[in-house]
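Structure record follows, encoded as structure tokens.
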Amino acid sequence: MFKLKSITIITTIFFIGATVAAPPASLSGSSTSKISSELQSRLQDGKRVNVFIQMSSRTSQVLQTVTQSSFISRAQRLNSIHHLLVRHADQTQKQLLDYMASLASTTQVEFKSFWITNQIYVREAELSLIENLSRFPDVESIFEEPHAHIFEPEEKKMITRRSDDDIEWGVRRIQAPEAWAELGKSDVEIRVGTLDTGVRSTHEALRDNFMGEYGWFDATRAASLTPTDNMGNLQPLRNFI
């Protein structure tokens, strides 16, 4: 069930007919330029596809209004953002949502409104429906629901220490060997990750223990594929770890 405005709508609607009702007569033709090329290719063989409809009026316009306003508290600012975004979605999506709700008596359609991005999600839409939706002037684009693929982690062979003499003094100072003994684990079975400004993996304290592949991710604009430490202030921390 999805909540639209103040009315709860059951979005799973029984299939009665196979013909998709036409949009209002004032909307003539279709705008295939609004439909992504990838989606058009997927629809050619009669498949039904989950799609997102992006409205032309973006939420950035609302957020800009908020940034130019003054608030007495953070709570007031957040409440204002929520109120304005919901109202914005109600106003810009109304014609489209009314049309899809009217299809309940003729076809099967499931949809949900997202006020936070001013988009509408439509489940298992067919070509004729998508073409009709593209006729609405408030629609900017229609694209297939994105899918994120998660890679399976790869097991890496861990480096075994040559002897207990190689354990750094700081590690001994915090009684890590005693903790490993109590847990039944050794230090080579424990992976440690840090999140900060960077790291120099060629450092003598790290180069033989760096995990390698999948052991580094640069979330900055530089998007470096190899470890780097432009700030230089985190190297001592990682050496200690």
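List pairs: first residue in segment 131-156 and closer than 12 Å to Q54 by Cβ and touching a residue at least 60 places away in the same chain (Cβ under 8 Å), second residue in a helix (DSSP H, G or I) and polar (S, T, N, Q) anywhere in the structure, Cβ distance under 6 angstrom, at least six positions apart or on different chains.
Matching pairs, first to second residue: D138/T92.
Anything in segment 36-60 that is in contact (Cβ under 8 Å) with a residue 12 or more places away in the chain, assigned to a helix (DSSP H, G or I) and not charged (D, E, K, R)? List them, or say none.
L39, L43, T59
Please state which one of D90, D98 is among the charged types (D, E, K, R), outside any loop (DSSP other than H, G, I, E, B) and in contact (Cβ under 8 Å) with a residue 12 or more places away in the chain. Before the answer, list the steps.
Values: D98 fails: in contact (Cβ under 8 Å) with a residue 12 or more places away in the chain.
Only one candidate qualifies: D90.
Quick check on segment 107-117. Is at least one of its residues over 25 Å from the mean Cα position of the chain (by Cα), in contact (Cβ under 8 Å) with a residue 40 or more places away in the chain, within 22 Å of I35 (Cα to Cα) and assigned to a helix (DSSP H, G or I)?
Residues of segment 107-117 that are over 25 Å from the mean Cα position of the chain (by Cα), as a first pass: 107-108.
Cutting the leftovers down to in contact (Cβ under 8 Å) with a residue 40 or more places away in the chain gives us 107-108.
If we keep only those that are within 22 Å of I35 (Cα to Cα) as well, we get 107-108.
Subset that is assigned to a helix (DSSP H, G or I): none.
Looking for residues that are over 25 Å from the mean Cα position of the chain (by Cα), in contact (Cβ under 8 Å) with a residue 40 or more places away in the chain, within 22 Å of I35 (Cα to Cα) and assigned to a helix (DSSP H, G or I), one finds none in segment 107-117, hence no.
Could you count how many residues in segment 123-139 are under 24 Å from the mean Cα position of the chain (by Cα) and assigned to a helix (DSSP H, G or I)?
1
Would you pick out the residues in segment 39-60 that are at pLDDT below 85 and of a type outside the set (A, V, I, L, M, F, W, C)?
Q40, S41, R42, Q44, D45, G46, K47
If you go through segment 169-194 one residue at a time, how many are closer than 16 Å to F210 by Cβ and modelled with pLDDT of 70 or more?
Restricting attention to segment 169-194, the residues satisfying the condition of being closer than 16 Å to F210 by Cβ are 187-188, 190-194.
This time we only want the ones that are modelled with pLDDT of 70 or more, so: 191-194.
Number of matching residues: 4.
Can you name the residue in segment 105-147 that is surrounded by fewer than 17 Cβ atoms within 10 Å (Cβ to Cβ) and of a type in the set (K, R) and is also nearest to G46 (Cα to Cα) among such residues?
Checking each candidate, the answer is R123.
Filtering segment 72-104 down to residues that are closer than 16 Å to Y121 by Cα and hydroxyl-bearing (S, T, Y), which residue is surrounded by the most Cβ atoms within 10 Å (Cβ to Cβ)?
Result: Y99.
The values are calculated or read from the model by the stated rules, or taken from the named source; none is laboratory data. A quick note: this is a predicted structure, and the numbers were derived from the prediction, not measured. Reconstructed Cβ throughout: ideal geometry from the backbone, glycine too, with neighbour counts over all protein chains shown.
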